[in-house]
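Below is one structure; the comments refer to it alone.
The values are calculated or read from the model by the stated rules, or taken from the named source; none is laboratory data. Being a predicted model, the structure only gives us computed values, none of them experimental. Here Cβ is always computed from backbone atoms with ideal geometry, including for glycine, and neighbour counts include all displayed protein chains. Accessible surface areas use protein heavy atoms only, side chains included; no ligands, DNA or RNA. Shrake-Rupley method; radii C 1.70, N 1.55, O 1.52, S 1.80 Å.
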Amino acid sequence: MSMEDYDFLFKIVLIGNAGVGKTCLVRRFTQGLFPPGQGATIGVDFMIKTVEINGEKVKLQIWDTAGQERFRSITQSYYRSANALILTYDITCEESFRCLPEWLREIEQYASNKVITVLVGNKIDLADKREVSQQRAAEFSEAQDMYYLETSAKESDNVEKLFLDLACRLISEARQNTLVNNVSSPLPGEGKSISYLTCCNFN
Amino acid sequence: MAAATAPGPKAPPGESGGPAASALSMERIQSLTDLADLEAAYSRLCEEEKVVQEELDALLEQQSTIENKMVALHRMGPSLQLIEGDAQQLAGMVTFTCNLAENVSSKVRQLDLAKNRLYQAIQRADDILDLKFCMDGVQTALRNEDYEQAAAHIHRYLSLDKSVIELSRQGKEGGIIDANLKLLQEAEQRLKTIVTEKFDTAMKQGDLPQVERFFKIFPLLGLHEEGLSKFSEYLCKQVANKAEENLQLVMGTDMSDRRAAVIFADTLTLLFEGIARIVETHQPIVETYYGPGRLYTLIKHLQVECDRQVEKVVDKFIKERDYHRQFQQVQNSMMRSSSAEKIEPRELDPILTEVTLMNARSELYLRFIKRRIIADFEVGDAMASEEVKQEHQKYLDKLLNNCLLSCTMQELIGYYITMEEYFMRETVNKAVAMDSYEKGQLTSSMVDDVFYIVKKCIGRALSSSSIDCLCAMINHSTTELESDFREVLYNKLKQGFPATTFQDFQRGVTSAVNIMHSSLQQGKFDTKGIESTDEAKQSFLVTLNNVEVCSENIMTLKKTLESDCSKLLSQGFGGEQAQAKIESCLSDMAAVSNKFRDLLQEGLNELNSTAIKPQVKPWINLFLSVSHNIEEEEFSDYEANDPWVQQFIVNLEQQMTEFKAGLSPVIYDTLTGLMTSLIAIELEKVLLKSTFSRLGGLQFDKELRSLIAYLTTVTTWTIRDKFARLSQMATILNLERVTEILDYWGPNSGPLTWRLTPAEVRQVLALRIDFRSEDIKRLRL
């Protein structure tokens, strides 16, 4: 692992209804682009971006999934190995917000119980078309114990913050895990984040 | 200043001035009063005078040369005037020539202009003639039903410069031209109607030569889109007819037919092959008569029909194979764990294979049309701007991604993945439930079975040619192996290696004869207990082997998949990210191999602490009951009847035989490694509790050597290192005198690296009853 030029590797999977802007969020963060007229994602897309946080290189493996129903069985297979899930909805689309409980059920069913879930309301540049108030989303995320953020992939609002904050939380989570696991021997079926860590960081 | 300080006569003249002016000023000479000074000044002035005289002479000598030069210059005067005149004349000539040249070139320009206008005039005259010729030609051709000729005339007319025609109409003969034009336009309309009608008739009659004949005429009339769309209509009808026929055949297929299980995949294949053949056959005509970049339009039309036919076939497939109901059942079975209405995974096998085959055919077909369209666009876009190229790429992506074929297949594959996952999980569960172990085998049946199943499922997903489908199944396999199957093995190991029974404990104490005796007795009284204990032991060992093989198999599976995938990718399947996606999913799978390794290590530690340690420890403790504080007589007695080590070795051997037979060589090796470490530690403990005479030390040395010699034969590890401390202790116990230690210590240690601290050396020395503690204390270590 010392050959690889990063200190941490995390898998982040974006999920949510079709057309809420998952691909645009990923493109904005990884390439700094906002491609207008983005077609629907087919299956899953895969991007990598390495960021530096407090002098440590963090490699983020970002899986951008298709929101359409027919790809559900493909996207579900990625939940389990994810360190974090970004659950996205469109603030101008009530329907995408109303589907959130269904998405949470999927997470419950397929993801590891250690996964960090972030709720993201995208498209705040279209403020005049807003259908989901910030307060409603905040209350919902609080009830579900999720971190919550509103973004605009188009205006690049909060996009960087979303991914960097997430990376920070993943790092501290990973640190805690190794501390715990150094004391007691690992149990079977543990989350796999530990295996991603280079031990040299903590010894 | 210089003169004031050093006014001596030896000062060279001119040192403080140029040769022309004297170094001594008048005032200074007048102020001189001393005779010696005066003399000095005089002699200096004299010398200066001499120098000046010489210079004057030299200048005078040059006078004649200068005069000669002056004469020569005077002589050149008249010639210069001549040259000036010539130069002025030349300048005049140049100016004249220049004007002349400019005049000429402006005339040439005028000529050029005139020539161009002439050409234009000729062109226009030609065009007007052409127009008339076309008009006449069209009429004749139409009369003769020579539509190609008529179309060629119209094409000629259409390619004429419209502004020229407009200009011509304004001319004197405007009336005639107007009439001609009108006739031509009428002819054009007539021809269009005729061609369309004739094409439709030919199409209805299925007259391919006539269809192709009129198809070629459309572009001449500027009707590219109409031509392509009409021709496509004709081709689509052919596709539809053929597809209808094929579907009828499917319905009549006997279930015993060899291809019955994949009949829908075969039907799709026929459909795709038919369309591909049409594209192959008609691409040259389209290219020749419609130009490059038009194939996209043709295929776009064909794809609509293709989608329509695919929908029919897939609908039939779903209905005939009960695809949706099967999926529903699978989903229900996954939700509820009740086994009552669980669908039998084996029943899914054929349908899963057929779906992957259907998708593979679709991918192959889509790749074919993608390549054709790209190649056709490339020819047309060679000179095009980047935007046009991107635009075309967008058209293509849209066609490929949004066609019903793609969506339908994605839907089918979506269901497939869920069903394949179910198939895998249920079959693995079955393999676990039916796990059996044959004597003489290291592993039990489930390991081979489970990996056969996983390989089969991933292999089937791979055969669909869909990268996302493959990755999803790799992910599901990783989950299955990591959580479910590993859990099974973990639970087996958790039951532990049966704790040593009292009889087993005794077995260690008593001699070999007693072992046979007691086991005979046990056989009589408690066969069942022994058998179940033995079974539990064997189960534990087999599980250890299973875990190891799993870890290996995962790595093998990963390697196999890597090479399979690179084959698929090299054929051009999958997008730009395909490689990275597969690599990521496979590396997750490889990580599971390490988890199995960790489990193996845990199991071995368990075995070492529950099975080996409780046995070995009492055997080693027996050492304490053998006195090493001995004299000559006992020493030779020990020689004849070994008091401890031989029995210890026999016991060890007996114990390890069981493991050697039951464990894979690699695991056995690791286990013996753990055991030797254990022996070294335990033996050191008892050693430090004993006392030794000189001969007792020798006895221990002999014992230790025998033990090391034995252990060396059973392990492939180098065990000397593990016994280094004990060997050094034996050396100390064998010393003649306390001070002899200094021959081996510190600077005298030579190649020997001491593993004992000075305190430990003293502690061991103190075990010798014949060594005085004062001597030991006095040692400087």
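Observations on the structure shown:
- Straight-line reach from B:LYS192: taking Cα to Cα under 30 Å and skipping same-chain neighbours fewer than 8 places apart, the lysines in range are B:LYS132, B:LYS162, B:LYS182, B:LYS204, B:LYS216, B:LYS230, B:LYS237, B:LYS300.
- Taking every residue in B:473-482 and counting other chain Cβ atoms within 10 Å of its Cβ, the average works out to 3.
- Pairwise Cα inverse-distance average, inverted: Kirkwood Rh of the range B:634-673 (Å): 11.8 Å
- Out of every Cα-Cα pair that the range A:14-72 contains, those further apart than 19 angstrom amount to 33 percent.
- Taking a sphere under 14 Å around the Cβ of B:SER465 and counting the other residues whose Cβ falls inside, with K and R at +1 and D and E at -1, yields a net charge of +2.
- Accessible area buried, both sides summed, chains A and B with 1.4 Å probe, Å²: 2200 Å²
- Two-site label geometry, B:LEU158 and B:ARG346: point separation in nm, points 7 Å out along Cα→Cβ: 6.7 nm
- Note on chain A: with a GNM built from Cα contacts shorter than 10 Å, the maximum mean-square fluctuation among A:ARG130, A:ARG70, A:ARG28 falls on A:ARG70.
- Approximate spin-label separation B:GLU684-B:ASP322, in nm, with each point projected 7 Å along Cα-to-Cβ: 7.0 nm
- In the protein assembly as shown, one over the average inverse separation of all distinct C-alpha pairs is 40.0 Å, which is the Kirkwood hydrodynamic radius.
- When a 1.4 Å probe is rolled over the protein heavy atoms, the share of accessible surface on the range A:6-174 that falls to carbon and sulfur comes to 44 percent.
- Calculated FRET efficiency for the pair B:GLU583/B:GLN763, C-beta based, R₀ 51 Å, to 0.05: 0.35
- Computed from the C-beta positions of B:ILE122 and B:LYS182, the FRET efficiency with R₀ = 30 Å rounds to 0.75.
- Estimated from the Cβ-Cβ distance and a Förster radius of 25 angstrom, the FRET efficiency linking B:LYS370 and A:LEU33 is about 0.55.
- Here the simple spin-label model places points 7 Å from the Cα toward Cβ, and for B:ASN241 and B:LEU38 these points are separated by 15.2 nm.
- Computed with the Debye formula from one identical point scatterer per Cα of chain B, without solvent, the log10 of I(q)/I(0) at q = 0.07, 0.08, 0.09 Å⁻¹ comes to -0.81, -0.95, -1.08.
- Rounded to the nearest 10 degrees, the inclination of helix A:100-110 to the longest alpha-carbon principal axis of chain A is 30 degrees.
- Equivalent-ellipsoid semi-axes of the range B:256-345, from the Cα gyration tensor, Å, largest first: 42, 15, 9
- Inter-chain neighbour count for B:462-469: the average number of beta-carbon atoms from partner chains within 10 Å of each residue's beta-carbon is 2.
- Only helical runs count toward this figure. For chain B, summing -39,500 (n - 2.57) over DSSP H runs of n ≥ 4 and dividing by all residues gives -26500 deg cm²/dmol at 222 nm.
- Its convex hull of Cα atoms gives the range A:6-174 a direction-averaged projected area, equal to a quarter of the hull surface, of 9.1 nm².
- Relative to the longest principal axis of the Cα atoms of chain A, the long axis of helix A:22-31 makes an angle of roughly 60 degrees.
- A Cα-only calculation for the range B:645-781 places Rg and Dmax at 16.9, 54 Å.
- Entries in A:LYS49/A:LYS114; B:LYS394/B:LYS559; A:LYS11/A:LYS154; A:LYS57/B:LYS581 that, when Cα-Cα distance is taken, lie over 28 Å: B:LYS394/B:LYS559
- Pairs exceeding 21 Å between alpha-carbon atoms, taken from B:LYS430/B:LYS456; B:LYS319/B:LYS455; B:LYS455/B:LYS494: B:LYS319/B:LYS455; B:LYS455/B:LYS494.
- When each of A:LYS123/B:LYS316; B:LYS722/B:LYS777; B:LYS242/B:LYS398 is checked by Cα-Cα distance, pairs over 31 Å: A:LYS123/B:LYS316
- Relative packing of B:420-426, B:211-217, B:57-63, which averages over residues the other C-beta atoms within 10 Å, highest first: B:420-426, B:211-217, B:57-63
- Neighbour net charge for B:LEU779 - beta-carbon separation under 14 angstrom, K R +1, D E -1: +2
- Eligible aspartates and glutamates near B:LYS567 by straight Cα distance, threshold 17 Å, same-chain separation 8 or greater: B:GLU363, B:ASP468, B:GLU576, B:GLU583
- Remark: the range B:746-756, residue by residue, has Karplus-estimated 3J(HN,Hα) of x, x, 8, 5, x, x, 6, 9, 6, 9, 9 Hz, where x stands for each Gly or Pro and the curve is 6.51 cos²θ - 1.76 cosθ + 1.60 at θ = phi - 60°.
- Local electrostatic count, A:PHE46, Cβ distance below 14 Å [Lys/Arg +1, Asp/Glu -1]: 0
- Per-residue mean of foreign Cβ neighbours for B:578-587 is 3 (Cβ atoms of other chains, 10 Å radius).
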